[in-house]
1. From the list Ser105, Ser79, pick out the single residue that is surrounded by 13 or more Cβ atoms within 10 Å (Cβ to Cβ) and in contact with a His (Cβ under 6 Å, 6 or more places away or on another chain).
2. Are any residues in segment 116-143 of a type in the set (A, V, I, L, M) and under 25 Å from Ser160 (Cβ atoms), and if so, which ones?
3. Quickly run through segment 49-82 and pick out the residues that are outside any helix (DSSP H, G or I) and free of Cβ contacts under 8 Å to residues at least 24 places away in the same chain.
4. Within segment 1-31, work out how many residues are in contact with a strand residue (DSSP E or B) (Cβ under 6 Å, 6 or more places away or on another chain) and within 27 Å of Gly118 (Cβ to Cβ).
5. Within segment 129-141, track down each residue that is over 19 Å from Asp81 (Cα atoms) and either surrounded by fewer than 17 Cβ atoms within 10 Å (Cβ to Cβ) or touching a Cys at 6+ places or on another chain (Cβ under 6 Å) (or both).
Amino acid sequence: MILEELAPQALRIAALLRARGEKVAVADGATGGLIAATLLTVPGALDFFVGGGVVYSLRARDVLFALPREAYKGMRGASEDYALLQAGAIRDNFGAEWGLAESGSVGGSTHPSGAPAGRSVAALAGPGAEHTRLIETASDNRIANMAAFTRNALALLEDSLAR
């Protein structure tokens, strides 16, 4: 099970955030909540995790990010600029130091932006730092892609905090 696999990484991330006295908010996209669920495997997660949501529709995007539609002008899903905008917005709206967002196309159906199946961008916005990490699995396997996208996003968070 992916949560059992990623629980040790969640503990490392928790330790890094706790040592810094910082918190993270998460905008899961194609990961469907797996990023947040992984972080919540850590007992006492409230110390470092403030919340977030699954951004799987325009309505969810509007509610979670509270940005005007014009803010997305010229952007496409599963792109660096789109994911960075979401990372900054989830951080700001939830009052966290860090915002982690994932935007991707898991496969099994056509992505609204035309992004190919297996493409995901994880973005992290924090104190004086913005980072992105692209993964392209070239696979249409929805479940495997959700797991790969979650691993990618958590690796970005852990690597950035460890710097």
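Taken together, the values in this text are just the output of simple stated rules run on the coordinates, not laboratory data. Model, not experiment: these values are computed from the prediction. Cβ sites come from the backbone with ideal geometry, for glycine too, and all protein chains shown count toward neighbours.
1. Ser105
2. Val121, Ala122, Ala123, Leu124, Ala125, Ala129, Leu134, Ile135
3. Once the filter is applied, which keeps residues that are outside any helix (DSSP H, G or I) and free of Cβ contacts under 8 Å to residues at least 24 places away in the same chain, segment 49-82 yields Ser57, Leu67, Pro68, Lys73, Gly74, Met75.
4. 8
5. Ala138, Ser139, Asp140, Asn141
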